[in-house]
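Visitor: Structure provided below as C-alpha coordinates; questions to follow.
The values are calculated or read from the model by the stated rules, or taken from the named source; none is laboratory data. No experiment lies behind these values; they were computed from the predicted model shown. Glycine gets a Cβ as well: all are built from the backbone with ideal geometry, and neighbour counts include every protein chain shown. What goes into the accessible areas is simple: the full protein's heavy atoms, side chains included, and nothing from ligands, DNA or RNA. Shrake-Rupley method; radii C 1.70, N 1.55, O 1.52, S 1.80 Å.
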Amino acid sequence: METVETARGCTDLLDRARAAGRSVALVPTMGALHEGHRSLMVRARAECDVVAVSIFVNPLQFGDPDDMERYPRTLEHDLAVCAEVGVDVVFVPSAPEMYPSWPEPPATTVSVRGISERWEGAARPGHFDGVATVVAALFAIAGRCRAYFGLKDFQQLAVVRAMATELGFPVEIVGCPTVREPDGLALSSRNVRLSPGERRAASVLSRALAAARDAVAAGERSGDALAATMRAVVATEPAVRLDYAVAVDTGTLEEVRTLMDPAAARLLIAAQVGPVRLIDNSAPVDDRAARDPDSHTAHDGADEARRLERTG
Ligand code: PAF
(Lines give C-alpha, C1' and ligand atoms only; values in the text may rest on other atoms or scores of the structure.)
Protein backbone atom coordinates (compact mmCIF):
# COMPACT_ATOMS: atom_id res chain seq x y z
CA MET A 1 0.00 0.00 0.00
CA GLU A 2 1.41 3.39 -0.97
CA THR A 3 0.52 6.56 0.91
CA VAL A 4 0.81 9.71 -1.18
CA GLU A 5 0.38 13.30 -0.10
CA THR A 6 0.59 15.10 -3.44
CA ALA A 7 -1.99 15.31 -6.19
CA ARG A 8 0.76 14.77 -8.79
CA GLY A 9 1.96 11.62 -7.01
CA CYS A 10 -1.58 10.22 -6.87
CA THR A 11 -2.30 11.01 -10.53
CA ASP A 12 1.02 9.44 -11.65
CA LEU A 13 0.35 6.21 -9.74
CA LEU A 14 -3.15 5.84 -11.16
CA ASP A 15 -2.06 6.84 -14.71
CA ARG A 16 0.62 4.13 -14.58
CA ALA A 17 -1.96 1.58 -13.45
CA ARG A 18 -4.29 2.45 -16.36
CA ALA A 19 -1.37 2.42 -18.81
CA ALA A 20 -0.72 -1.17 -17.66
CA GLY A 21 -4.33 -2.01 -18.50
CA ARG A 22 -5.59 -2.03 -14.90
CA SER A 23 -8.95 -0.62 -13.83
CA VAL A 24 -9.00 1.98 -11.04
CA ALA A 25 -11.40 2.53 -8.12
CA LEU A 26 -11.62 5.68 -6.02
CA VAL A 27 -13.23 5.72 -2.58
CA PRO A 28 -13.40 9.36 -1.39
CA THR A 29 -13.57 9.68 2.42
CA MET A 30 -12.94 12.15 5.21
CA GLY A 31 -11.34 9.41 7.33
CA ALA A 32 -12.73 8.21 10.69
CA LEU A 33 -13.36 5.02 8.76
CA HIS A 34 -16.10 2.65 9.93
CA GLU A 35 -17.81 -0.45 8.56
CA GLY A 36 -19.73 1.67 6.05
CA HIS A 37 -16.47 2.89 4.50
CA ARG A 38 -15.05 -0.60 4.70
CA SER A 39 -18.00 -1.93 2.68
CA LEU A 40 -17.24 0.63 -0.07
CA MET A 41 -13.59 -0.43 -0.13
CA VAL A 42 -14.42 -4.14 -0.12
CA ARG A 43 -16.73 -3.65 -3.08
CA ALA A 44 -14.15 -1.51 -4.88
CA ARG A 45 -11.51 -4.20 -4.16
CA ALA A 46 -13.79 -6.88 -5.65
CA GLU A 47 -14.59 -4.87 -8.77
CA CYS A 48 -11.36 -3.08 -9.72
CA ASP A 49 -7.66 -3.88 -10.11
CA VAL A 50 -6.31 -0.86 -8.24
CA VAL A 51 -8.11 0.72 -5.28
CA ALA A 52 -7.34 4.29 -4.18
CA VAL A 53 -8.83 5.78 -1.02
CA SER A 54 -8.66 9.51 -0.35
CA ILE A 55 -8.67 10.78 3.22
CA PHE A 56 -9.28 14.52 3.42
CA VAL A 57 -11.38 16.45 5.92
CA ASN A 58 -12.65 18.99 3.41
CA PRO A 59 -12.90 22.46 4.99
CA LEU A 60 -15.20 23.73 2.21
CA GLN A 61 -18.10 21.51 3.25
CA PHE A 62 -18.26 22.62 6.90
CA GLY A 63 -20.31 25.74 7.57
CA ASP A 64 -19.23 25.85 11.19
CA PRO A 65 -15.45 25.82 11.88
CA ASP A 66 -16.14 24.19 15.29
CA ASP A 67 -17.93 21.31 13.55
CA MET A 68 -14.84 20.81 11.41
CA GLU A 69 -12.55 20.98 14.48
CA ARG A 70 -14.67 18.33 16.22
CA TYR A 71 -14.70 16.00 13.21
CA PRO A 72 -12.93 12.80 14.36
CA ARG A 73 -9.43 12.27 12.99
CA THR A 74 -8.10 8.73 13.26
CA LEU A 75 -5.40 8.46 10.57
CA GLU A 76 -3.47 5.56 12.10
CA HIS A 77 -6.64 3.48 12.43
CA ASP A 78 -7.75 4.52 8.93
CA LEU A 79 -4.47 3.38 7.35
CA ALA A 80 -4.79 0.03 9.18
CA VAL A 81 -8.34 -0.43 7.80
CA CYS A 82 -7.13 0.39 4.26
CA ALA A 83 -4.25 -2.09 4.60
CA GLU A 84 -6.59 -4.82 5.89
CA VAL A 85 -8.92 -4.43 2.93
CA GLY A 86 -6.01 -4.49 0.47
CA VAL A 87 -6.17 -0.87 -0.69
CA ASP A 88 -3.31 0.00 -3.07
CA VAL A 89 -3.09 3.79 -2.76
CA VAL A 90 -4.08 6.09 0.10
CA PHE A 91 -4.15 9.75 -0.89
CA VAL A 92 -3.81 12.01 2.16
CA PRO A 93 -3.50 15.59 0.89
CA SER A 94 -3.18 18.75 2.96
CA ALA A 95 -5.63 21.65 2.41
CA PRO A 96 -3.06 23.62 0.31
CA GLU A 97 -2.45 20.50 -1.79
CA MET A 98 -6.17 20.33 -2.65
CA TYR A 99 -6.69 24.10 -2.79
CA PRO A 100 -3.43 25.89 -3.74
CA SER A 101 -4.80 29.27 -2.59
CA TRP A 102 -5.42 27.93 0.94
CA PRO A 103 -6.02 29.43 3.55
CA GLU A 104 -7.84 31.59 1.01
CA PRO A 105 -10.73 29.48 -0.32
CA PRO A 106 -10.45 28.58 -4.02
CA ALA A 107 -11.86 31.11 -6.48
CA THR A 108 -13.31 28.25 -8.53
CA THR A 109 -16.07 26.19 -6.95
CA VAL A 110 -18.64 23.76 -8.27
CA SER A 111 -22.31 24.26 -7.56
CA VAL A 112 -25.15 21.94 -8.58
CA ARG A 113 -28.30 24.05 -8.68
CA GLY A 114 -31.66 22.63 -7.60
CA ILE A 115 -30.90 19.34 -5.88
CA SER A 116 -28.17 20.97 -3.75
CA GLU A 117 -30.54 23.58 -2.37
CA ARG A 118 -33.17 21.56 -0.55
CA TRP A 119 -33.12 19.33 2.55
CA GLU A 120 -29.48 19.06 3.71
CA GLY A 121 -28.60 21.95 1.41
CA ALA A 122 -31.17 24.19 3.10
CA ALA A 123 -30.03 23.16 6.58
CA ARG A 124 -26.32 23.49 5.74
CA PRO A 125 -25.89 26.34 3.20
CA GLY A 126 -22.82 25.85 1.03
CA HIS A 127 -22.32 22.26 2.16
CA PHE A 128 -22.98 20.63 -1.21
CA ASP A 129 -20.92 23.25 -3.06
CA GLY A 130 -18.04 22.17 -0.83
CA VAL A 131 -18.74 18.49 -1.55
CA ALA A 132 -19.13 19.01 -5.32
CA THR A 133 -15.95 21.10 -5.44
CA VAL A 134 -13.75 18.62 -3.59
CA VAL A 135 -15.19 15.60 -5.42
CA ALA A 136 -14.62 17.33 -8.78
CA ALA A 137 -11.02 18.02 -7.73
CA LEU A 138 -10.58 14.39 -6.62
CA PHE A 139 -12.03 13.13 -9.91
CA ALA A 140 -9.59 15.37 -11.82
CA ILE A 141 -6.70 13.92 -9.80
CA ALA A 142 -7.86 10.29 -10.06
CA GLY A 143 -8.76 10.28 -13.78
CA ARG A 144 -10.84 7.55 -15.40
CA CYS A 145 -12.19 5.34 -12.62
CA ARG A 146 -15.16 3.96 -10.76
CA ALA A 147 -15.97 6.01 -7.66
CA TYR A 148 -17.79 4.50 -4.68
CA PHE A 149 -20.21 6.44 -2.45
CA GLY A 150 -22.66 5.37 0.25
CA LEU A 151 -26.43 5.58 -0.26
CA LYS A 152 -26.57 6.74 3.38
CA ASP A 153 -25.82 10.24 2.03
CA PHE A 154 -28.53 9.97 -0.60
CA GLN A 155 -28.60 13.65 -1.52
CA GLN A 156 -24.80 13.79 -1.72
CA LEU A 157 -24.87 10.84 -4.12
CA ALA A 158 -27.44 12.64 -6.30
CA VAL A 159 -25.33 15.84 -6.29
CA VAL A 160 -22.15 13.95 -7.19
CA ARG A 161 -23.89 12.03 -9.98
CA ALA A 162 -25.28 15.24 -11.47
CA MET A 163 -21.90 16.98 -11.22
CA ALA A 164 -20.00 14.08 -12.81
CA THR A 165 -22.52 13.72 -15.63
CA GLU A 166 -22.86 17.40 -16.44
CA LEU A 167 -19.13 18.14 -16.31
CA GLY A 168 -18.31 14.99 -18.28
CA PHE A 169 -15.91 13.34 -15.85
CA PRO A 170 -14.89 9.84 -17.07
CA VAL A 171 -16.06 8.43 -13.77
CA GLU A 172 -18.63 5.71 -13.16
CA ILE A 173 -20.45 6.46 -9.91
CA VAL A 174 -21.33 3.41 -7.81
CA GLY A 175 -23.90 3.83 -5.00
CA CYS A 176 -23.47 1.31 -2.17
CA PRO A 177 -26.04 0.21 0.45
CA THR A 178 -26.12 1.72 3.94
CA VAL A 179 -24.52 -0.30 6.72
CA ARG A 180 -26.46 -0.32 9.99
CA GLU A 181 -26.01 -1.14 13.65
CA PRO A 182 -28.13 -4.04 14.94
CA ASP A 183 -30.80 -1.57 16.17
CA GLY A 184 -31.01 0.03 12.72
CA LEU A 185 -28.90 3.16 13.28
CA ALA A 186 -27.06 3.99 10.06
CA LEU A 187 -23.31 4.05 10.58
CA SER A 188 -21.79 7.53 10.58
CA SER A 189 -18.47 8.95 11.73
CA ARG A 190 -20.52 11.36 13.87
CA ASN A 191 -22.18 8.61 15.94
CA VAL A 192 -19.17 8.49 18.29
CA ARG A 193 -20.20 11.93 19.60
CA LEU A 194 -23.56 10.65 20.92
CA SER A 195 -23.92 10.02 24.66
CA PRO A 196 -25.23 6.52 25.57
CA GLY A 197 -28.77 7.93 25.99
CA GLU A 198 -28.62 9.85 22.72
CA ARG A 199 -27.21 6.79 20.99
CA ARG A 200 -30.23 4.74 22.14
CA ALA A 201 -32.65 7.45 21.04
CA ALA A 202 -30.96 7.84 17.63
CA SER A 203 -32.33 4.53 16.38
CA VAL A 204 -35.74 6.24 16.16
CA LEU A 205 -34.76 7.53 12.70
CA SER A 206 -34.56 4.04 11.21
CA ARG A 207 -37.73 3.06 13.11
CA ALA A 208 -39.55 6.02 11.56
CA LEU A 209 -38.41 4.92 8.10
CA ALA A 210 -39.53 1.34 8.85
CA ALA A 211 -42.97 2.60 9.94
CA ALA A 212 -43.32 4.53 6.68
CA ARG A 213 -42.29 1.43 4.70
CA ASP A 214 -44.94 -0.54 6.58
CA ALA A 215 -47.52 2.09 5.65
CA VAL A 216 -46.50 1.87 1.96
CA ALA A 217 -46.72 -1.93 2.14
CA ALA A 218 -50.25 -1.51 3.55
CA GLY A 219 -51.19 0.63 0.54
CA GLU A 220 -50.51 4.19 1.71
CA ARG A 221 -49.45 6.41 -1.21
CA SER A 222 -49.87 9.91 0.23
CA GLY A 223 -46.54 11.67 0.79
CA ASP A 224 -48.11 13.79 3.55
CA ALA A 225 -49.41 10.69 5.36
CA LEU A 226 -45.99 9.03 5.18
CA ALA A 227 -44.35 12.18 6.52
CA ALA A 228 -46.89 12.26 9.37
CA THR A 229 -46.16 8.60 10.16
CA MET A 230 -42.44 9.33 10.44
CA ARG A 231 -43.04 12.46 12.52
CA ALA A 232 -45.23 10.50 14.96
CA VAL A 233 -42.52 7.87 15.52
CA VAL A 234 -39.81 10.48 16.06
CA ALA A 235 -42.06 12.34 18.53
CA THR A 236 -41.81 9.32 20.87
CA GLU A 237 -38.15 10.28 21.54
CA PRO A 238 -37.93 13.65 23.31
CA ALA A 239 -34.12 13.68 22.87
CA VAL A 240 -34.53 13.80 19.09
CA ARG A 241 -35.40 17.09 17.36
CA LEU A 242 -36.76 16.35 13.90
CA ASP A 243 -35.70 18.62 11.04
CA TYR A 244 -37.48 16.96 8.11
CA ALA A 245 -39.17 13.68 7.23
CA VAL A 246 -40.35 13.53 3.62
CA ALA A 247 -41.02 11.37 0.61
CA VAL A 248 -39.13 12.73 -2.42
CA ASP A 249 -38.68 11.96 -6.08
CA THR A 250 -35.34 10.13 -6.52
CA GLY A 251 -34.43 12.25 -9.56
CA THR A 252 -35.33 15.80 -8.51
CA LEU A 253 -35.41 15.28 -4.72
CA GLU A 254 -38.63 17.33 -4.72
CA GLU A 255 -41.33 16.31 -2.28
CA VAL A 256 -43.90 13.96 -3.79
CA ARG A 257 -47.57 14.36 -2.91
CA THR A 258 -48.57 10.91 -4.19
CA LEU A 259 -46.26 7.94 -4.66
CA MET A 260 -47.52 6.79 -8.06
CA ASP A 261 -44.46 4.57 -8.38
CA PRO A 262 -42.88 3.86 -4.97
CA ALA A 263 -39.68 2.70 -6.70
CA ALA A 264 -39.21 6.26 -8.01
CA ALA A 265 -39.45 7.76 -4.52
CA ARG A 266 -37.19 7.90 -1.48
CA LEU A 267 -37.92 8.56 2.18
CA LEU A 268 -35.53 11.10 3.72
CA ILE A 269 -35.20 12.00 7.39
CA ALA A 270 -32.91 14.32 9.37
CA ALA A 271 -32.80 15.22 13.05
CA GLN A 272 -30.63 16.77 15.71
CA VAL A 273 -29.70 14.34 18.47
CA GLY A 274 -27.71 16.10 21.21
CA PRO A 275 -24.70 17.67 19.48
CA VAL A 276 -25.07 15.63 16.29
CA ARG A 277 -27.12 16.10 13.14
CA LEU A 278 -28.15 12.67 11.84
CA ILE A 279 -29.58 11.80 8.44
CA ASP A 280 -31.00 8.58 7.07
CA ASN A 281 -33.10 7.43 4.13
CA SER A 282 -34.78 4.41 2.67
CA ALA A 283 -36.57 3.14 -0.36
CA PRO A 284 -40.32 3.17 0.44
CA VAL A 285 -40.66 -0.44 -0.57
CA ASP A 286 -39.65 -2.96 2.01
CA ASP A 287 -36.34 -4.72 1.92
CA ARG A 288 -36.08 -7.85 4.06
CA ALA A 289 -32.45 -7.28 5.05
CA ALA A 290 -33.13 -3.74 6.28
CA ARG A 291 -35.56 -5.17 8.82
CA ASP A 292 -33.43 -7.99 10.13
CA PRO A 293 -32.76 -6.94 13.74
CA ASP A 294 -30.02 -9.58 14.09
CA SER A 295 -27.94 -8.40 11.22
CA HIS A 296 -24.90 -6.19 11.85
CA THR A 297 -24.64 -5.33 8.22
CA ALA A 298 -28.27 -5.04 7.25
CA HIS A 299 -28.47 -3.03 4.06
CA ASP A 300 -31.32 -0.91 2.87
CA GLY A 301 -32.16 0.46 -0.51
CA ALA A 302 -30.80 -2.55 -2.35
CA ASP A 303 -33.16 -1.94 -5.27
CA GLU A 304 -32.30 1.72 -5.27
CA ALA A 305 -28.62 0.84 -5.09
CA ARG A 306 -28.98 -1.34 -8.17
CA ARG A 307 -30.86 1.45 -9.95
CA LEU A 308 -28.41 4.18 -8.96
CA GLU A 309 -25.19 2.27 -9.32
CA ARG A 310 -23.09 2.48 -12.44
CA THR A 311 -24.37 5.82 -13.56
CA GLY A 312 -22.36 8.82 -14.55
O1 PAF B 1 -19.08 11.55 2.36
C2 PAF B 1 -17.99 12.06 2.67
O3 PAF B 1 -17.21 11.53 3.48
C4 PAF B 1 -17.57 13.39 2.04
O5 PAF B 1 -18.66 14.22 1.88
C6 PAF B 1 -16.79 13.21 0.73
C7 PAF B 1 -17.64 12.59 -0.35
C8 PAF B 1 -15.55 12.37 0.97
C9 PAF B 1 -16.34 14.58 0.21
O10 PAF B 1 -15.53 15.23 1.14
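Visitor: Express the Stokes-Einstein translational diffusion coefficient of region 1-133 in µm² s⁻¹, to the nearest whole number, given a Kirkwood radius over alpha-carbon pairs, 37 °C and a viscosity of 0.692 mPa s. Could you put the intermediate results ahead of the total?
Guide: Values: Rh = 16.0 Å.
The estimated diffusion coefficient comes to 205 µm²/s.
Visitor: Could you work out the percent of alpha carbon pairs in region 76-184 separated by over 16 Å, rounded to a whole number? Could you put the intermediate results ahead of the total?
Guide: Numbers: 3923 of 5886 pairs.
It works out to 67 percent of all Cα pairs.
Visitor: Can I ask one more? For region 131-185, just run the numbers: alpha carbon Rg, then divide by 2.2 N^0.38 Å, N being how many residues it has.
Guide: Working: Rg = 12.5 Å, N = 55, 2.2 N^0.38 = 10.1 Å.
Compactness ratio reported: 1.24.
Visitor: Oh, and also: Testing the spin-label approximation: label points 7 Å from Cα along Cα→Cβ at ASP243 and ALA140. State their distance in nm.
Guide: 2.9
Visitor: For region 210-269, just the Cα atoms, rotate onto the principal axes and tell me the three extents in Å, largest first.
Guide: So the extents along the principal axes, rounded to whole Å, are 34, 25, 15.
Visitor: Restricting to DSSP H runs of at least four residues, report the calculated mean residue ellipticity at 222 nm for the chain, -39500 (n - 2.57) per run over all residues, nearest 500 deg cm²/dmol.
Guide: Numbers: 12 runs with 121 residues, N = 312.
Result for the chain, helices only: -11500 deg cm²/dmol.
Visitor: Residues in region 48-83, backbone N under 12 Å from the label point at THR3 (7 Å along the Cα-to-beta-carbon vector): list them, ranges by number please.
Guide: It comes to 55, 74-83, nothing else.
Visitor: Size of the dipole of region 245-290 about the Cα centre, Lys and Arg at +1 and Asp and Glu at -1 on the beta carbon, nothing else charged, in debye to 20?
Guide: Numbers: 4 positive and 7 negative charges, 32 e Å.
The calculation lands at about 160 debye.
Visitor: Same structure, new question: Convex hull over the Cα atoms of region 1-51, averaged projected area in nm²? Don't skip to the answer; put the middle values down first.
Guide: Working: hull surface 15.2 nm².
Here the figure is 3.8 nm², rounded to one decimal.
Visitor: Where does region 119-274 land on the Kirkwood hydrodynamic radius, alpha-carbon pairs, in angstrom? Could you put the intermediate results ahead of the total?
Guide: On the way: mean 1/r = 0.0591 Å⁻¹.
That comes to 16.9 Å for region 119-274.
Visitor: Using the Cα atoms as the points, what is the convex hull volume per residue of the chain in Å³?
Guide: Numbers: hull volume 38.7 nm³, N = 312.
Cα convex hull per residue, to the nearest whole number: 124 Å³.
Visitor: A further question follows. If you roll a 1.4 angstrom probe over the protein chains with everything in place, what fraction of the accessible area of the chain belongs to carbon and sulfur, to the nearest %?
Guide: On the way: 6920 of 13370 Å².
About 52 percent, which is the carbon plus sulfur part of the accessible surface.
Visitor: I would also like to ask the following. Round to the nearest 0.05 the FRET efficiency obtained for GLU104 and ALA235 when R0 = 51 Å and r is the Cβ-Cβ distance. Display every interim value, and only then the final one.
Guide: Working: r = 45 Å, r/R0 = 0.89.
Efficiency computed from Cβ-Cβ geometry: 0.65.
Visitor: Below 8 Å between Cα atoms, with a sequence gap of 6+, how large is the relative contact order for region 118-272 in percent?
Guide: Numbers: 186 pairs, mean separation 25.3, N = 155.
Relative contact order, region 118-272: 16 percent.
Visitor: Which value in nm describes the separation of the simple spin-label points at ARG70 and ARG113, placed 7 Å from the Cα toward the beta carbon?
Guide: 3.5
Visitor: Note down the relative contact order for the chain as a percent, whole number, built from C-alpha pairs under 8 angstrom at least six residues apart.
Guide: Values: 605 pairs, mean separation 53.8, N = 312.
Reported as a whole number, the value is 17 percent.
Visitor: Then there is this: Not counting ligands, DNA or RNA, and with a 1.4 Å probe, what is PHE128's accessible surface area in Å² rounded to the nearest 10?
Guide: 10
Visitor: Between ARG200 and ALA95, what is the spin-label point distance in nm, taking each point 7 Å from the Cα along the Cα→C-beta axis?
Guide: 4.0
Visitor: Say R0 is 25 Å: what FRET efficiency, to the nearest 0.05, do ARG193 and ARG18 get from their beta-carbon distance? It would help to have the intermediate numbers written out before the result.
Guide: Details: r = 40 Å, r/R0 = 1.58.
Result of the calculation: an efficiency of 0.05.
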